[in-house]
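Student: After the C-alpha cells below, expect a handful of questions from me.
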Amino acid sequence: MRQLVIFSLNDEFYGMDIFSVNEIIKMLKIVSLPNSVSFIEGIINLRGKVVPVVDLKKRFGLPKKEYTDDTRILVVDIEGHLAGFIVDQVLEVASINDDSIEPAPRALIPEAPFIEGIAKFNEKLVIMINAAKIFSLEEKQELLKVG
C-alpha cells in the first residue's frame, strides 16, 4: 500500500509519495531571480526560509496555463533541502494498493527517470513521480544553490 498526494497538471493526474511532501500551500508571491535556470520560477519566503520554486509544467515541457485559486505549491524535501513545485490542483491523498501499480513503460525510463510507475485509481491513470529524480545532478546543484 502506498500513500500518494494526487495532483493535476493540464488535466493529467500525477502522484507523489506522501513522505516526499512536507506540506501543501496556496500560491504565494514568487520573487523572480535574474539569470536563473529556466525551470526555476523564483523563490518564496516560507516562514522565514527562502525556498526555490519550480513550475512542474515548465519542467516537464507541458503547455503553461494561468494560475487559478486551485493552484498550489507542494513543498517537497529533495535530499534535505526544501523546494516548491507549482501544480494546477491537489485532488487528494490516496492509498493505492501495490497491485494497482504498474512499472513505468520502458520507453519512458531513459527520457523520464523520475516516473516510478502508473497507478490505476478510481478509473484514472496516475503517473507516479519521484521528486528526487526530477532533476539531473547539475540541475539539483543549481536548484539547491537558490534555496
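Student: Counting only residues that are acidic (Asp, Glu) and either surrounded by 13 or more Cβ atoms within 10 Å (Cβ to Cβ) or within 17 Å of the chain's Cα centre (by Cα) (or both), how many does segment 119-142 have?
Tutor: The number of residues fulfilling the criteria is 2.
Student: Output yes when any residue across segment 79-95 is assigned to a loop (DSSP other than H, G, I, E, B), at positive phi and open to solvent by 80 Å² or more (accessible area, probe 1.4 Å), and no when none is.
Tutor: Start the filter on segment 79-95 by keeping residues that are assigned to a loop (DSSP other than H, G, I, E, B), which leaves 79-80, 88.
If we keep only those that are at positive phi too, we end up with 79-80.
Filter once more, so that each one left must be open to solvent by 80 Å² or more (accessible area, probe 1.4 Å): 79.
Yes: segment 79-95 contains one or more residues that are assigned to a loop (DSSP other than H, G, I, E, B), at positive phi and open to solvent by 80 Å² or more (accessible area, probe 1.4 Å).
Student: Moving on to the next point. Test residue 26 against the stated conditions and say whether it is among the basic types (Lys, Arg), open to solvent by 70 Å² or more (accessible area, probe 1.4 Å) and free of Cβ contacts under 8 Å to residues at least 60 places away in the same chain.
Tutor: Yes; evaluated as a whole, the condition is true for this residue.
Student: With 22, 35 as the choices, which residue is of a type in the set (S, T, N, Q) and either in contact with a helix residue (DSSP H, G or I) (Cβ under 6 Å, 6 or more places away or on another chain) or part of a strand (DSSP E or B) (or both)? I'd like the intermediate steps shown before the answer.
Tutor: Working: 35 fails: either in contact with a helix residue (DSSP H, G or I) (Cβ under 6 Å, 6 or more places away or on another chain) or part of a strand (DSSP E or B) (or both).
That would be 22, the only listed residue that is of a type in the set (S, T, N, Q) and either in contact with a helix residue (DSSP H, G or I) (Cβ under 6 Å, 6 or more places away or on another chain) or part of a strand (DSSP E or B) (or both).
Student: In addition: Residue pairs, Cβ under 6 Å, 6 or more apart or interchain, first in segment 46-59 and under 14 Å from residue 83 (Cβ atoms), second among the small types (Gly, Ala, Ser) and open to solvent by less than 10 Å² (accessible area, probe 1.4 Å). List them.
Tutor: 51/84; 52/83; 53/42; 53/84
Student: For segment 1-19: of the residues being assigned to a strand (DSSP E or B) and open to solvent by 30 Å² or more (accessible area, probe 1.4 Å), which is farthest from residue 96 (Cα to Cα)?
Tutor: Going through the qualifying residues, I end up with 12.
Student: While we're on this one: Only one of these conditions is not met by residue 56: (1) at pLDDT 90 or above; (2) open to solvent by 60 Å² or more (accessible area, probe 1.4 Å). Which number is it?
Tutor: Checking residue 56 against (1) at pLDDT 90 or above; (2) open to solvent by 60 Å² or more (accessible area, probe 1.4 Å), the one that fails is (2).
The values are calculated or read from the model by the stated rules, or taken from the named source; none is laboratory data. Worth saying up front: this structure is predicted, and the values here are computed from it rather than measured. Every residue, glycine as well, gets a Cβ built from its backbone with ideal geometry; the counts of neighbours run over all protein chains shown. For accessibility, only protein heavy atoms count, side chains too; no ligands or nucleic acids. Shrake-Rupley method; radii C 1.70, N 1.55, O 1.52, S 1.80 Å.
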